[in-house]
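Structure first, commentary second.
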Amino acid sequence: MTGTQSLDNVSTKQQRIAMLAQRKPGVAVTSLSHHIDIEWLKEAYQRTRKGGAVGIDGQTAKDYEARLEENLQQLLDRAKGGTYRAPPVKRVHIPKGDGKSTRPIGIPTFEDKVLQRAAVMALEPIYEQDFMDCSYGFRPRRSAHQALASFWKQMMAMGGGWVVEVDIRKFFDTLDHRHLQAIVRQRVRDGVLLRLIGKWLNAGVMEDGALSYPEAGTPQGGVISPLLANVYLHEVLDTWFERDVKPRLLGRAFLVRYADDFVIGFSSEADARRVMDVLPKRMGKYGLTLHPEKTRLIRFHPPRQRRDGGIDEPGTFDLLGFTHLWTKSRKGRWYIRRKTAKGRLRRSLTAIAQWCRSNRHRPIREQHKTLSQKLRGHFGYYGITGNAEALARFRRSVECTWYRWLARRSWRPMSWERFSALQRVFPLPPAIAVHSVLRRAAKSAT
């Protein structure tokens, strides 16, 4: 009952913050930190993931919970009294989608995650009044699938056109602290929160036992990093595109952004080339650079016959793990099909193979349970209309990988017939398009 009351109190305060921000668009909010009390921190603690990797202090959520009331009260006193010191984040590297390079991830301490979550809970109601419809990443009630659907609907409505695919080079590592703090101050003037944001931006990075203090960037993996990234790109990109770019274009155009991944669609090639030319200058003004090889202009419309008898074939591009391409429906109409990107498929299968190899000694029932969870997770994201072939291929590959490593776990070889009999007892989940347009239409009809 106490937890429910705490949630109600926090939700009421967030609604008040949102209403204030809505009534005063563009005006800086000066008083926010008075909302953050012990109940607010308790709710922040509840919303903080408990099973994540530990920071440099090695403290787990269970350790912190042992003296929760005392720990939260001390945290509140230090945060509001200005004595809180943001601990360095532990940096690790995880593989990127290309399978060759890695992406740095920062892991804060658990207590720091709780305080960052509390700050996000105070700032989010303000910026949700400002953020535009083109932004989908790390926002309440918004998802990657909505971003994909938005691009699909708008490009289909235009009947095809041109796409500027953009890659910001090392965005989270190069985000300019001075520009970010100036952008935040345009909407927030609360001293406690501004001081905390400054401390998080200047917190050190611990990597391989060495402590460094980067002059730019915000650790990807921190609780507050996605919100700060959205605040930064809202000013640098979204507002600029809507306010300054679109009124000067000859044709139609739209932007779809998920965190630092975004594409811009155009009906006019001339418009696309003009924006392509000015975009690096706009990003450079705020300390960002575009990847010269991954940022490109794509002809993206159904195949057209040229006057010389040749055919203008459309290009393809990847967005949020899906390759987008034009194809014909069974009725002979051109539409945008989305299939799992090769890099994502390869990375997922590599991870499955590594897991099967490392866990082939475990009981069959346990292996089946984990592999089923992995398959359902894959289908839960990539299971969209038009991607059935890739889903089925992924399932077959997982099935073959499981068989291969089961066959190697003892001197007695396992035949495929024996494995098939085992699968009748422990069947892997079927490849289902979880986000099927046809299934949604059928439900709405009933």
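The values are calculated or read from the model by the stated rules, or taken from the named source; none is laboratory data. None of the values given here were measured: they were computed from a predicted structure. Here the Cβ positions follow ideal geometry from the backbone for every residue, glycine too, while neighbour counts run over all protein chains shown. Just the protein is used for accessible areas: all its heavy atoms, side chains included, with ligands, DNA and RNA removed. Shrake-Rupley method; radii C 1.70, N 1.55, O 1.52, S 1.80 Å.
Brief remarks on what is shown
- The set of residues in the stretch 401-415 that are touching a residue at least 40 places away in the same chain (Cβ under 8 Å), open to solvent by 50 Å² or more (accessible area, probe 1.4 Å) and either part of a loop (DSSP other than H, G, I, E, B) or closer than 11 Å to HIS361 by Cβ (or both) comprises ARG408, ARG409.
- Among the residues listed as GLN146, GLN154, GLN129, the single one being open to solvent by 50 Å² or more (accessible area, probe 1.4 Å), of a type outside the set (Gly, Ala, Ser) and free of Cβ contacts under 8 Å to residues at least 60 places away in the same chain: GLN146
Yes/no matrix, rows are residues, columns are (1) of a type in the set (D, E, K, R); (2) within 23 Å of ARG330 (Cβ to Cβ); (3) within 23 Å of the chain's Cα centre (by Cα):
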| position | (1), (2), (3) |
| --- | --- |
| SER348 | no, no, yes |
| TYR382 | no, yes, yes |
| ALA390 | no, yes, yes |
| TYR403 | no, no, no |
| ALA407 | no, no, no |
| GLU417 | yes, no, no |
| VAL425 | no, no, no |
| ALA431 | no, yes, no |
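- When restricted to residues that are surrounded by 24 or more Cβ atoms within 10 Å (Cβ to Cβ) and in contact with a strand residue (DSSP E or B) (Cβ under 7 Å, 6 or more places away or on another chain), the stretch 107-122 contains 1.
- Just one of the numbered conditions (1) free of Cβ contacts under 8 Å to residues at least 60 places away in the same chain; (2) in contact with a Lys or Arg (Cβ under 8 Å, 6 or more places away or on another chain); (3) among the β-branched types (Val, Ile, Thr) is not true of THR289: (1).
- Single unsatisfied condition, PHE171 versus (1) of a type outside the set (S, T, N, Q); (2) touching a Phe, Trp or Tyr at 6+ places or on another chain (Cβ under 8 Å); (3) open to solvent by less than 40 Å² (accessible area, probe 1.4 Å): (2)
- Residue satisfying all of: in the stretch 416-441; open to solvent by 60 Å² or more (accessible area, probe 1.4 Å), over 17 Å from ARG396 (Cα atoms) and hydrophobic (A, V, I, L, M, F, W, C); modelled with the lowest pLDDT among these: LEU438
- Lone unmet requirement of (1) within 17 Å of the chain's Cα centre (by Cα); (2) outside any helix (DSSP H, G or I); (3) not acidic (Asp, Glu) for ALA149: (2)
- Filter result for the condition that a residue is open to solvent by 20 Å² or more (accessible area, probe 1.4 Å), under 27 Å from the mean Cα position of the chain (by Cα), modelled with pLDDT under 95 and not hydrophobic (A, V, I, L, M, F, W, C), over GLU293, GLU235, GLU242: GLU293
- Residue within the stretch 273-283 that is surrounded by fewer than 16 Cβ atoms within 10 Å (Cβ to Cβ) and in contact with a strand residue (DSSP E or B) (Cβ under 8 Å, 6 or more places away or on another chain) present: yes
- Residues that are out of contact with any Gly (no Cβ under 8 Å at 6 or more places or on another chain) and of a type in the set (S, T, N, Q) were ranked within the stretch 24-53; the one that is least open to solvent (accessible area, probe 1.4 Å) is THR48.
- Among residues that are within 20 Å of the chain's Cα centre (by Cα), over 25 Å from ALA341 (Cα atoms), of a type in the set (S, T, N, Q) and modelled with pLDDT of 95 or more, GLN129 is not included.
- Filtered residues of the stretch 187-216 (kept if of a type outside the set (A, V, I, L, M), more than 21 Å from HIS34 (Cβ to Cβ) and open to solvent by 10 Å² or more (accessible area, probe 1.4 Å)): ASN202, GLU207, ASP208, GLY209, SER212, TYR213, PRO214, GLU215
- Where a residue in the stretch 110-123 is among the acidic types (Asp, Glu) and its partner, wherever it lies, is open to solvent by 10 Å² or more (accessible area, probe 1.4 Å) and part of a helix (DSSP H, G or I), with Cβ under 9 Å and at least six apart: GLU111/ASN71; ASP112/TRP200
- Test: residue in the stretch 198-214 that is among the charged types (D, E, K, R) and assigned to a loop (DSSP other than H, G, I, E, B): yes
- In this structure, THR385 does satisfy being on the phi < 0 side of the Ramachandran plot, touching a residue at least 40 places away in the same chain (Cβ under 8 Å), surrounded by 11 or more Cβ atoms within 10 Å (Cβ to Cβ) and touching a strand residue (DSSP E or B) at 6+ places or on another chain (Cβ under 9 Å).
- The condition of being of a type in the set (S, T, N, Q) and at pLDDT 95 or above does not hold for SER444.
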